[in-house]
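J.: Quick one: the structure is below, and I'll ask about it shortly.
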Amino acid sequence: MGQSHKSIVLIIVLSLIQGVSPQQWEVKLGHVQICAVSGSSVVMPCSFTHPPGLTVTQVYWVIDPARGAESPDLCDNPEYSGRVQYSNDIKTNCTLVLNQVKLSDAHTYHTRIITDQSREKWLSSGVELTITDLTVSEIREPVVERQNAELSCDSACTLTNNPLLVWKKDGKVLPGKQTNNNKKLLLKNVRPGDQGDYSCELKDHTGLPSKPVKLNVMFSPKNTTLSIKPSNVILKGSSVTLTCSSDANPPVQSYSWYKKSMSSPVGSGQQYSITNISSEDGGQYYCEARNKYGAENSTAVSITVEGPPNHTSASVRPSGDLKEGTSVTLTCSSDATPPVENFTWFYSNGSTASQVTGKYYMIGQGSSEHNGYYYCEAKNKYGARNSTDVYLMFYYAPRNTSVSMSPSGEIVEGSSVTLTCNSDAKPPVESVSWFKVNESTPVGSGQQYSITNISSEDGGHYYCEARNKYGAENSSAVLMEIHAHLCSTFAVITEDHSCMIYIVIGASSGCGLLGLLFVVCCIRVRCRARNSEDISQPSLDKMKAEDSNKMSNNDYGDCTFDYNTNMDSVYQTFELKAPDDDDFDDDEFDDEFDDEFDDDEIYQNFEAQCNY
């Protein structure tokens with residue numbers, strides 16, 4: 001058996017007592033070496049026997065006795081005051097109890113037995129007392145979340161009797177986690193909650209823990225939260241500050257700010273501030289906290305920006321070009337917080353204006369009366385905003401299509417005429433086609449249709465067709481009536497064998513017309529021939545040439561003449577008849593001619609006179 005586990009019986013023979021058998025004194029010590037924890041109580045078991053006939057008067061303990069000198073009782077030592085206990089049974093019991101041991105109590109302890117005979121004294125062998133502190137082994141490597149950690153409770157010497165230990169975290173006992181007689185503490189799959197100050201102590205001497213050792217658990221950010229000041233409901237134009245908080249070991253190294261509608265960060269740092277806030281800044285925000293072991297996002301928090309309506313707009317359905325008769329719905333839209341309380345529509349066509357309330361403005365059957373500018377107003381408790389103007393134009397096929405003719409009135413053969421097609425259409429007429437009644441194919445195209453050197457074959461009823469993308473309409477037919485020339489020539493042979501030729505050129509107004517339009521020219525032709533035989537065909541041709549030349553040179557003075565008149569047509573009805581000299585009466589012929597034609601009336605009506 002070892003000395004620490006087995007009592008050793010020591011027989012001390014006192015040299016002062018002579019003649020006594022050494023076997024008569026016997027002291028039994030429980031331990032010759034004791035290792036105790038600072039602050040605990042130490043028991044040094046001791047029993048003895050003595051020779052018969054002696055009475056023990058005193059039993060006490062001394063430390064480190066010097067040879068040849070009497071050592072003082074522990075009870076008298078101030079360092080041990082109040083901490084020493086002896087047995088009341090001093091006949092055989094010499095046990096020492098030393099309370100609240102200190103590191104300075106580390107000595108060799110001996111028991112001293114005094115009897116009624118001064119020469120009979122006994123000093124036992126020593127008990128070596130070692131005092132130690134409990135220590136928890138330091139954790140040199142960082143302990144990362146979800147790893148295992150092991151703590152050990154150590155002492156400088158082997159504790160006597162192998163006492164039980166208990167573990168504490170932050171001063172509170174941790175039951176059920178001890179191993180190896182509680183000298184070791186095993187923490188499996190550690191969590192941030194396992195972080196704290198760990199210590200160990202003797203189970204029978206609570207309140208004497210070891211110096212605590214901090215378990216530092218490394219973990220990624222947790223419990224990440226976002227706070228807003230002053231509030232998450234903000235008036236447009238004011239400011240707001242968002243703060244991100246998170247638990248992490250090591251502490252958070254970086255913060256990033258996100259808006260849910262955006263893929264990239266909107267800011268960084270533990271705080272994110274928005275100044276002069278607008279409705280576009282409203283939405284859901286969250287922060288990301290990150291360290292070397294990972295990252296965590298906060299829950300999203302909504303920021304609501306209140307203010308007057310924004311982005312007010314007016315839309316039209318259906319879109320695109322609108323045909324008359326189409327049903328149209330105008331819709332007013334606006335971003336507003338709080339929501340729009342009322343919508344108002346305004347309409348103006350340049351001359352009149354009106355307004356209608358409601359988000360929607362309905363037009364049952366659109367027409368040109370609805371053409372004009374429309375806009376809406378959105379209003380809430382903070383104010384109002386107007387949309388931009390929307391212009392409505394309702395389109396229609398040609399209508400009120402008509403034909404005008406220039407010149408108007410009677411049309412003479414050989415002249416020109418222009419027909420013009422007029423129509424009301426939106427969009428404007430894209431094409432015009434001209435038709436002659438009873439003919440299947442168009443005779444022309446374009447807004448105007450002209451006929452030059454007109455003839456009787458051109459007469460008839462004409463109409464136009466006006467067309468755009470929405471349809472076509474025909475005009476009413478107009479009559480084009482063509483009139484032919486009417487020419488008469490009267491000739492008188494004078495007495496002096498000169499001849500007076502009166503040419504009356506006229507245009508008849510046609511069958512059934514009541515009036516006559518006459519253009520009268522008097523052309524005096526002197527005939528150099530002395531008898532009728534001299535007025536031959538060559539002479540007539542010569543007169544025609546002279547008249548044509550006078551017309552070209554405007555030699556007729558005040559006479560108005562149509563320069564387009566063909567002199568051949570003037571002379572073609574002229575029949576030259578040579579009267580007998582005896583039968584011809586020049587004065588009589590003049591009288592008859594005057595009776596037939598009143599010169600003054602003719603000249604007054606047509607202001608045409610020629611004198612040669």
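The values are calculated or read from the model by the stated rules, or taken from the named source; none is laboratory data. None of the values given here were measured: they were computed from a predicted structure. Glycine also receives a Cβ, built like all others from the backbone with ideal geometry; neighbour counts cover every protein chain displayed. Remember, those area values only see protein heavy atoms, side chains included, never the ligands or the DNA or RNA. Shrake-Rupley method; radii C 1.70, N 1.55, O 1.52, S 1.80 Å.
J.: Kindly report the accessible area of segment 69-228 per residue (heavy atoms of protein chains, probe 1.4 Å, no ligands, DNA or RNA), in Å².
T.: Here the per-residue accessible area is 54 Å².
J.: Given +1 on the Cβ of Lys and Arg, -1 on the Cβ of Asp and Glu, and no further charges, what dipole in debye does segment 401-477 carry about its Cα centre, rounded to the nearest 20?
T.: 340 debye
J.: Please tell me which of these pairs span more than 26 angstrom C-alpha to C-alpha: K169/K222; K102/K168; K28/K203?
T.: Exceeds cut-off: K28/K203.
J.: Could you report segment 242-309's accessible area per residue, 1.4 Å probe, as an integer in Å²?
T.: 49 Å²
J.: Moving on. If you roll a 1.4 Å probe over segment 239-315 with all protein chains in place, what percent of the accessible area is carbon or sulfur?
T.: The computed percentage sits at 42.
J.: Per residue, how big is the convex hull of segment 202-258 when only Cα atoms are used? Give it in Å³.
T.: Hull volume over Cα atoms, normalised by residue count, gives 164 Å³.
J.: Average projected area of the Cα convex hull of segment 231-361, in nm²?
T.: 11.9 nm²
J.: Separate question: Please report the spacing between the Cα centers of segment 294-336 and segment 100-135 in Å, no decimals.
T.: Taking the Cα centre of each part, segment 294-336 and segment 100-135 sit 97 Å apart.
J.: How much area per residue is accessible in segment 323-416 when the probe is 1.4 Å and only protein heavy atoms are counted (Å²)?
T.: Using a 1.4 Å probe on heavy atoms only, each residue of segment 323-416 averages 54 Å².
J.: Taking the Cα of N93, stepping 7 Å toward and past its beta carbon, and measuring to each backbone N in segment 45-64: which are under 13 Å?
T.: Of the residues in segment 45-64, 45-48 have backbone N under 13 Å from the label point off N93.
J.: So how do 134-144, 303-313 stack up, highest first, on mean other-Cβ count within 10 Å?
T.: Ranking the peptides 134-144, 303-313 by packing returns 303-313, 134-144.
J.: Lys/Arg Cβ at +1, Asp/Glu Cβ at -1, dipole of segment 88-155 taken about the Cα centre: which of H107, L134, W122 is farthest positive-ward?
T.: Among H107, L134, W122, the one farthest towards the positive end of the dipole of segment 88-155 is W122.
J.: Can you pull the percent of segment 395-439's accessible area that's carbon plus sulfur, 1.4 Å probe, other chains left in place?
T.: Its accessible area is 45 percent carbon and sulfur atoms.
J.: Taking 0.36 nm per residue of sequence separation and subtracting the Cα-Cα distance, how much length would be gained by fully extending the chain between S104 and S455, in nm to one decimal?
T.: Contour length minus the Cα-Cα distance gives 111.1 nm.
J.: Calculated FRET efficiency, V301 and N216, Cβ-Cβ r, R0 41 Å, to nearest 0.05?
T.: According to the calculation, E is roughly 0.80.
J.: Which FRET efficiency value, to the nearest 0.05, is calculated for R191 and S254 with the Förster distance at 22 angstrom and r the Cβ-Cβ distance?
T.: Efficiency for this residue pair is about 0.40.
J.: Beyond 16 Å, what share of the Cα-Cα pairs of segment 422-470 is found? Please give it as a whole percent.
T.: 46 percent
J.: Another question, then. Calculate, for S404 and H311, the FRET efficiency according to 1/(1 + (r/R0)^6) with r their C-beta to C-beta distance and R0 51 Å; round to the nearest 0.05.
T.: Efficiency, from the Cβ-Cβ distance: 0.45.
J.: Over the Cα atoms of segment 303-380, how large are the radius of gyration and the largest Cα-Cα distance (Dmax), in Å?
T.: Rg and Dmax of segment 303-380, Cα atoms, are 14.2, 48 Å.
J.: Right, another one. Can you give the Rg to Rh ratio for segment 318-422, taking only C-alpha atoms and Rh from Kirkwood?
T.: My calculation puts Rg/Rh at 1.33.
J.: Using the Kirkwood formula over every pair of different C-alpha atoms, what hydrodynamic radius in Å results for segment 157-248?
T.: It works out to 16.9 Å.
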